[in-house]
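Since the structure comes first, as structure tokens, the remarks are kept for the end.
The values are calculated or read from the model by the stated rules, or taken from the named source; none is laboratory data. Just so you know, these numbers come straight off a predicted model, no measurement behind them. Note: ideal-geometry Cβ built from the backbone for every residue, glycine included; neighbour counts use all protein chains shown.
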Amino acid sequence: MDKVAVFDTTLRDGEQSPGATLNIQEKIEIARQLEKLRVDIIEAGFPVTSPGDFDAVRIISQEVRRTSICALTDAKVQNIDRTWEALKDGVDPLLHIVLSSSDIHIQEMLRSSREQVLEWAVSVVRHARRLTSNIEFSPMDASRTEPAFLHRLLEAVIEAGASVVNIPDTVGFAYPQEFGDLISGIMENVPNIHRVRLSVHCHDDLGMAVANTLEALRRGARQFEGTINGIGERAGNASVEEIVMALRTRPSYFKLDTGVDTTQIFKTSRMVADLTGIAVPPNKAIVGANAFRHQSGLHQDGVLKDRATFEIIDAATIGAPSTSIVIGKHSGRHAFHSYIQEMGYELSEEEMARAFRRFKDLADKKKEVTQRDVESVLADELRMSDETYHLDHVQVTCGDHAIPTATVRLLAPDGEIKTDADCGTGPVDAVYRAINRIVGVPNKLIEFSVKSVTGGIDALGEVTIRIQEDGRVFTGRGADTDIVVASAKAYLNALNRLIASQEGASHKVRGKQDVTSGRR
């Protein structure tokens, strides 16, 4: 079977999801996990957008040594050079240049013409060739580009030195037959296409990203770009795990495969969900909580007789945990450590100690501690490992004849304990007002949701919130058996992300950037 290269852009396009801002340490953690997943290329960021992104790409390039690292740049010479500075220490680094090619983009965004864009593309690829021979060129909005011009543009950039040409369905406009025809047209009408790897990058605005990608691979593309859990701009990107498992499950149809270690899929999915704050929907293919559950009596009967009657994928294939150890309030540290190792988690001694304390506290409150409870506790602890403000204590008074009042005690960055109180329309509102009095960072709460991790009146509750500041959205999550405490943790998690973003922006070197520079 032909090999398909997997280009993961979770750290670049995925991070562009509203509220999915990652700090450098979180990016490094995900990059290391993607290396374990054995994707071929990790697009680590867009270095010229901020010093934080530059540093993240530079550090990932230095630390990840078994996977090619890529970074995106626009088609400006100075930005190409700056991006290469971040990338150059990596193993087989890939420089990714993007330039609009559709008429609507050329006319409305670039205020240019097709011929000028063609000349511009050739010029920047030739410049990049002086830095590296590993260059990917993406004609942005390719699916709405006039095919004859697209063919000319691709032929020219290949001649100029591109080693990969990527066809983006930037706005999720195409349908499978249409996108497949576009790929076939490129294979037939670009005479030097055999000299490069043909890639595709599909968005999910019409729910077609995975279908379009698979059809493109069937028609001859040999690289696809996607994200873990399908996160990304607007409706997201093609989901890496769905495409990988489609190829693995239907080998006789596609006659294609990847080098991905599928047993790392579940762990990677959960890590991305926890660190970005974007939860995986329960009905999500491959990695959703319901993907291997059966409620219908007919389905249950079939599965009990032979799992293959209603399951086309073995859960173990994607590394979905199924531990043989049962733990509870009498379990010791060694049993807990073995339990989480079977689940695929690797914790430092400090993280392990904190997680064990949380587990014992939870076990005292609940009759039964499930695997999903432990997953939630671990995710909560990992979110707290790099905090600016830490929740030390929260107490509320409320009722139908009482004014909801909250007292909050936080551990500040300087080590000082700060306490304050306030009233609100309800207990959670009072807690948030009290936190705001201490932290003093303006923001607007735009989303608040609560769910139980398991069934039962003693269930662990998970709160997810989104706050907005200056047009940017930050997501926070928290878990606890007390939903008010979980709400406080979630709010602080979002605030800490906002603060970290502001601190990164304060170091940014500001200068005028001419969006029209590089035009011909």
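Go through segment 174-189 residue by residue and tally those that are without any contact (Cβ under 8 Å) to a residue 40 or more places away in the chain and under 10 Å from residue 212 (Cβ atoms). Before the answer, list the steps.
Residues of segment 174-189 that are without any contact (Cβ under 8 Å) to a residue 40 or more places away in the chain, as a first pass: 174-181, 183-188.
From what's left, under 10 Å from residue 212 (Cβ atoms): 174-180, 183.
Here the count works out to 8.
Looking at 407, 388, can you tell me which residue is among the polar types (S, T, N, Q) and not in a loop (DSSP other than H, G, I, E, B)?
On the way: 388 fails: not in a loop (DSSP other than H, G, I, E, B).
Being among the polar types (S, T, N, Q) and not in a loop (DSSP other than H, G, I, E, B) holds for just one of 407, 388, which is 407.
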Legend entry - segment 336-371, subset hydrophobic (A, V, I, L, M, F, W, C) and under 13 Å from residue 458 (Cα atoms), residue surrounded by the most Cβ atoms within 10 Å (Cβ to Cβ): 369
Legend entry - Selection count where residues are buried (at least 24 other Cβ atoms within 10 Å of the Cβ) and under 24 Å from residue 397 (Cα atoms), scope segment 449-475: 3
Inset, instruction - Give the residue, chosen from 230, 220, 226, that is in contact with a strand residue (DSSP E or B) (Cβ under 7 Å, 6 or more places away or on another chain), in the same structural domain as residue 138 (by TED's automatic domain parsing), among the small types (Gly, Ala, Ser) and surrounded by fewer than 22 Cβ atoms within 10 Å (Cβ to Cβ). - result: 220
Inset, instruction - Kindly check whether there is at least one residue in segment 115-129 that is in contact (Cβ under 8 Å) with a residue 60 or more places away in the chain, surrounded by fewer than 24 Cβ atoms within 10 Å (Cβ to Cβ), in the same structural domain as residue 68 (by TED's automatic domain parsing) and not in a helix (DSSP H, G or I). - result: no
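Scan segment 103-112 and tell me whether some residue there is within 22 Å of residue 241 (Cα to Cα) and among the hydroxyl-bearing types (Ser, Thr, Tyr).
Let us first name the residues in segment 103-112 that are within 22 Å of residue 241 (Cα to Cα), namely none.
The answer is no, given that none of the residues of segment 103-112 is within 22 Å of residue 241 (Cα to Cα) and among the hydroxyl-bearing types (Ser, Thr, Tyr).
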Inset, instruction - Would you mind telling me which numbered condition in (1) crowded, with 24+ Cβ neighbours inside 10 Å; (2) within 16 Å of the chain's Cα centre (by Cα) residue 47 fails? - result: (2)
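Name the single residue, out of those in segment 420-448 being touching a Ser or Thr at 6+ places or on another chain (Cβ under 7 Å) and part of a strand (DSSP E or B), that is surrounded by the most Cβ atoms within 10 Å (Cβ to Cβ). First the steps, then the outcome.
Of the residues in segment 420-448, the ones touching a Ser or Thr at 6+ places or on another chain (Cβ under 7 Å) are 421, 423, 428, 430-431, 434.
When the remaining residues are screened for being part of a strand (DSSP E or B), the result is 421, 423.
Working: 421: 17, 423: 14.
Among those residues, the one meeting the criterion is 421.
Yes/no per residue for (1) outside any helix (DSSP H, G or I); (2) in contact with a Lys or Arg (Cβ under 6 Å, 6 or more places away or on another chain); (3) within 17 Å of residue 92 (Cβ to Cβ); (4) β-branched (Val, Ile, Thr):
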| position | (1), (2), (3), (4) |
| --- | --- |
| 6 | yes, no, yes, yes |
| 10 | yes, no, no, yes |
| 27 | no, no, no, no |
| 31 | no, no, yes, no |
| 42 | yes, no, yes, yes |
| 53 | no, no, no, no |
| 57 | no, no, yes, yes |
| 60 | no, no, yes, yes |
| 69 | yes, no, yes, yes |
